[in-house]
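Worksheet: one structure, shown below.
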Amino acid sequence: MTNESPPARRDTTLYKDPIDKKIGGVASGVAKYFDLDTTLVRAIWAVSVLVGGFGLLLYLVLWFILDDDPEAFADPIEPRAVEAAVVDEAPAVETPSEPDATLEAANEEIEAETFEADLEDSKPES
């Protein structure tokens, strides 16, 4: 007599997958149950619908009788705290209390030229 244990029973249950679903989550649930690629299961299901129509009936029955996977939403993602962004303040621009000497001299020169031009324009022509 050998000490062989019976084959391990599948510890998962067939559920619909509410997260990776396209229509009802049945194909995605079957893919998870058999550890297959979801796209492969969907392709096989589409072919079975087109060939004999049995796939559509099976899909609708499973959609009706299977429960949603309770572990799909068991571990919700916790929102993380968002810190306020620190904005560097712009460097303070120093405004001189007295106008720049060069600017002042330029303004005086413009005023003098304008005054002289006004005087020339106001002289009566002889």
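Between residue 86 and residue 23, what is the label-to-label distance in nm when each label sits 7 Å out along the Cα-to-Cβ direction? Taking the simple label geometry, residue 86 and residue 23 are separated by 5.6 nm.
Here segment 7-59 is treated with +1 on each Lys and Arg Cβ and -1 on each Asp and Glu Cβ, and its dipole about the Cα centre works out to around 120 debye.
With equal scatterers on the alpha carbons only and no solvent term, can you work out the Debye log10 of I(q)/I(0) for segment 12-69 at 0.13, 0.20 1/Å? Log10 of I(q)/I(0), two decimals: -0.27, -0.66. As a rough footprinting exposure proxy, the listed residues 33, 59 were ranked by other beta carbons within 10 Å of their own, and the order from fewest upward is 33, 59. Between residue 68 and residue 114, the contour length at 0.36 nm per residue exceeds the Cα-Cα span by 7.8 nm. Exposure proxy for 80, 42: other Cβ atoms within 10 Å of each Cβ, ordered fewest to most, give 80, 42. What the Cβ-Cβ distance of residue 46 and residue 78 gives, at R0 = 41 Å and to the nearest 0.05, is a FRET efficiency of 0.60.
Under the simplified labelling scheme, the residue 106-residue 13 pair shows an inter-label distance of 8.4 nm, with each label point 7 Å from Cα along Cα→Cβ.
Each value in this text was obtained by applying a stated rule to the coordinates, not by laboratory testing. Given the structure is predicted, the values throughout are model-derived calculations rather than measurements. All Cβ positions, even for glycine, are placed from backbone atoms using ideal geometry, and neighbour counts span all protein chains on display.
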